[in-house]
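Enquirer: Sharing a structure with you now.
The values are calculated or read from the model by the stated rules, or taken from the named source; none is laboratory data. The structure displayed is predicted, hence computed values, not measured ones. With ideal geometry, Cβ positions are generated from the backbone for all residues, glycine too; neighbour counts draw on all protein chains shown.
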Amino acid sequence: MASKSAIEWTDATWNPVTGCTKVSRGCDNCYAERLAERFRGTPGHPFETGFDLTLRPERLSQPISWKRPRRIFVNSMSDLFHNRIPTRFIDRVFETMESADQHVYQVLTKRSSLMKTYLQKRYGGSATPPHIWCGVSVEDHRATARIQHLKTAPITIRFLSIEPLLGPVGEIDLKGISWVIVGGESGPKARPMQLHWVLDIRDMCNQSGVDFFFKQWGGRTPKAGGRKLEGIEHNAMPDYP
């Protein structure tokens, strides 16, 4: 767990699982994979096995000891709803989040149908506690089916991470969505993001009254292009519950 994060929309990260596999073109240049694979084969390093999917039960209770409330990005180095993660392990992650409710948890997935099924079984006719925010990653119009899964899952605070934005997303019905994050790709193989793709999303958020957060333009490094959109930083996000 990182006590601080360079990710602008969170305060800390918690990784009870690390490693993942690719599911769409948004994964092609995964920053987490690039970081982890640098240390493959390094004896004793947390990423000695690179980006192989790894359960880390010793980290499950970490947020409980954090007394100061903070926003915590869950599994910044994996996907909690990967199909090889046992349901009982996901249960234990949720048990920690439900118990340590002084924090806000930001759970993000590309495996939206698996998240929906899990949440329906866990919460039945109710919804996630308001301090557990659940979102999906969307990179272009081909990935927007994930939004429908999100909207029909029993979630109190729903959000979209449209990052890396690799193409226009088209018209999105944002009813039931609380927050939208947009960002460009970063790294040595970063694909460029077009201004009008971002403006279309910003305008849809404004029209729907949805909080809009512009994370970065991207480039060779995350900070390369800055964070301003038409000269303005956009940092809106839902209030703490």
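Enquirer: For the stretch 105-197, list the strands (runs of 3 or more DSSP E) that sit wholly inside it and hold at least 1 residues that are farther than 27 Å from residue 231 by Cα, touching a Ser or Thr at 6+ places or on another chain (Cβ under 9 Å) and among the hydrophobic types (A, V, I, L, M, F, W, C); which are they?
Expert: Per the criteria, 132-137.
Enquirer: Could you please find all residues in the stretch 1-31 being among the hydroxyl-bearing types (Ser, Thr, Tyr), modelled with pLDDT of 95 or more, part of a loop (DSSP other than H, G, I, E, B) and out of contact with any His (no Cβ under 8 Å at 6 or more places or on another chain)?
Expert: 10, 24
Enquirer: Right, here's the next one. Could you list, ordered by first residue, the pairs with Cβ atoms under 8 Å in which the first is in the stretch 39-57 and within 24 Å of residue 81 (Cα to Cα) and the second is assigned to a loop (DSSP other than H, G, I, E, B) and of a type in the set (Asp, Glu), at least 6 apart or interchain?
Expert: Between residues of the stretch 39-57 that are within 24 Å of residue 81 (Cα to Cα) and residues that are assigned to a loop (DSSP other than H, G, I, E, B) and of a type in the set (Asp, Glu), the close pairs are 40/48.
Enquirer: Here's something else I'd like to know. Spot the failing condition for residue 69; the list is (1) buried (at least 19 other Cβ atoms within 10 Å of the Cβ); (2) touching a residue at least 60 places away in the same chain (Cβ under 8 Å); (3) not polar (S, T, N, Q), and only one is missed.
Expert: So the condition that residue 69 fails would be (1).
Enquirer: Hey, any hits in the stretch 176-192 for a residue that's touching a Leu at 6+ places or on another chain (Cβ under 9 Å) and acidic (Asp, Glu)?
Expert: Yes: one or more hits.
Enquirer: What's the number of the condition residue 93 fails, among (1) loosely packed, with under 15 Cβ neighbours inside 10 Å; (2) in a helix (DSSP H, G or I); (3) not small (Gly, Ala, Ser)?
Expert: (1)
Enquirer: In the stretch 97-117, which residue that is crowded, with 21+ Cβ neighbours inside 10 Å and among the hydroxyl-bearing types (Ser, Thr, Tyr) is farthest from residue 24 (Cα to Cα)?
Expert: Selected residue: 105.
Enquirer: Still on this model: Which of the residues belonging to the stretch 151-180 are farther than 18 Å from residue 192 by Cα and in contact with a Gly (Cβ under 7 Å, 6 or more places away or on another chain)?
Expert: 151, 158, 159, 160
Enquirer: If you don't mind, there's one more thing I want to ask. If the requirement is being small (Gly, Ala, Ser) and over 22 Å from residue 164 (Cβ atoms), which of these qualifies: 50, 41?
Expert: 41
Enquirer: If residue 42 satisfies all but one of (1) among the β-branched types (Val, Ile, Thr); (2) out of contact with any Phe, Trp or Tyr (no Cβ under 6 Å at 6 or more places or on another chain); (3) closer than 22 Å to residue 137 by Cβ, what's the number of the condition it fails?
Expert: With (1) among the β-branched types (Val, Ile, Thr); (2) out of contact with any Phe, Trp or Tyr (no Cβ under 6 Å at 6 or more places or on another chain); (3) closer than 22 Å to residue 137 by Cβ applied to residue 42, the lone miss is (3).
Enquirer: With respect to residue 202, is the statement that it is part of a helix (DSSP H, G or I), touching a Phe, Trp or Tyr at 6+ places or on another chain (Cβ under 8 Å) and modelled with pLDDT of 95 or more true?
Expert: Judged against the criteria, residue 202 is a match.
Enquirer: Out of all the residues in the stretch 213-232, which are more than 23 Å from residue 177 (Cβ to Cβ) and surrounded by fewer than 16 Cβ atoms within 10 Å (Cβ to Cβ)?
Expert: Of everything in the stretch 213-232, those that are more than 23 Å from residue 177 (Cβ to Cβ) and surrounded by fewer than 16 Cβ atoms within 10 Å (Cβ to Cβ) turn out to be 220, 221, 223, 224, 226, 228, 231.
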